[in-house]
Amino acid sequence: MPLTPLALDLADDVISFIVVVCDIESVSLDERALADAVETALRPLPHLTVARIGNTVVARTDLGRAERVVLAGHIDTVPLTVEPANLPTRRVQGQGGEVLWGRGTVDMKGGVAVMLRIAHEVREPSRDLTFVFYEAEEIDSVHNGLLLVQQQAPDLLADADFAVLLEPTDARIEGGCKGTLRAEVSTKGIAAHSARPWKGHNAIHDAAEVLARLAAYEPVTRVVDELEFREALGAVLISGGTATNVIPDRCVVTVTTATRPRSPRRMPRRTFARSSPVSTWWWSTTPAVPARGCTFPRPRRSSRPWASRSRPSRAGPTWPASPPSACRP
């Protein structure tokens, strides 16, 4: 890790700037280098007050405006790939023209770069702004930078009237977010030597039906507060076996589900085990602690200019009646 923070030129053209931000590796729990660079770039700006909690950087204007808008984005990414390597970032030809290809270009360092440019360029906003560059969004919520700010310095966020998370939506509004639940579906077998498999029972083979049910799952769209949420269910990890010459006596399929928002009392910990497509009496389903989703309140006065001039999203929870527009927020 560099002793001197990597330099970010906030005046650079936005495409080149995105490349620089993406090329600073920041896999979850290893965001320090990027957080250092963001903090170093923002502190000299006279219109911002900058605070840092862990690897989360918060910058605020204090212009006495009647309302405050939060612009937020996470600086961490999922792990890098090896074949093919997704860093360094490069320009490639896509269906619609040239695109940036690399870890974080979509989720969500493109949005982080836009936030940094806004922080540099918009020095007299019509509303006060709070910029939140937070860590550990891609992993367990106990590490999440927004949670750490809420716990350690709630005043940095408490005065917000409206917030925009710059996750990728093709410049369309998505209202609210889905909740998640992770569960482990275990199959049990009987261990035996691989040369005499009939002496045992193969737990990995039993997992085939679990995977078949998941592959056959058809997502359902739910409507909550006039927002459409498309639910999801799928396997994300699988493990089993102890040695290459032993019939496995256990296999675990980790399943993630994305659900419409609901209250904590109704999060589907027990319901999942009873009614999901992978429930059956001879499997053991162990749900983990869920993360609740949330809906977006109907546009209030502070949000109305955004909601009325922006296009609805095709990818996530939206208001079907949102009018189309050429405006890109």
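Only the coordinates and a few stated rules stand behind these numbers; no lab work does. Here the structure is a predicted model, which means the values were calculated and not measured. Using ideal geometry, Cβ is built from the backbone for each residue, glycine included, and neighbour counts are taken over all protein chains shown.
Any aspartates and glutamates with Cα under 15 Å of the LYS199 Cα? List them, leaving off those in the same chain fewer than 8 positions away. Those aspartates and glutamates meeting the cut-off are ASP249.
Between the amide H of GLY175 and those of THR318, TRP319, distances stay under 5 Å, these residues lying 5 or more places away or on another chain, with hydrogens modeled in the peptide plane. The lysines within cross-link reach of LYS109, meaning a Cα-to-Cα straight distance under 30 Å and a gap of 8 or more places when in the same chain, are LYS178.
Counting Lys and Arg as +1 and Asp and Glu as -1, what is the net charge of the other residues whose Cβ lies under 15 Å from the Cβ of LEU48?
Details: positive: ARG43, ARG52, ARG60, ARG65, ARG68, ARG117, ARG123, ARG127; negative: GLU39, ASP62, GLU121, GLU124, ASP128.
Around LEU48, the charge tally is +3.
Over the Cα atoms of the range 14-168, Rg to Rh with Kirkwood Rh, two decimal places? The partial results should precede the final answer.
Details: Rg = 15.6 Å, Rh = 16.0 Å.
With Rh from the inverse mean 1/r over Cα pairs, Rg/Rh is 0.98.
Whole-Hz Karplus values for the range 24-34 come out as 8, 4, 8, 4, 3, 6, 9, 9, 4, 4, 6 Hz, taken residue by residue from phi with 6.51 cos²θ - 1.76 cosθ + 1.60 and θ = phi - 60°; glycine and proline positions read x.
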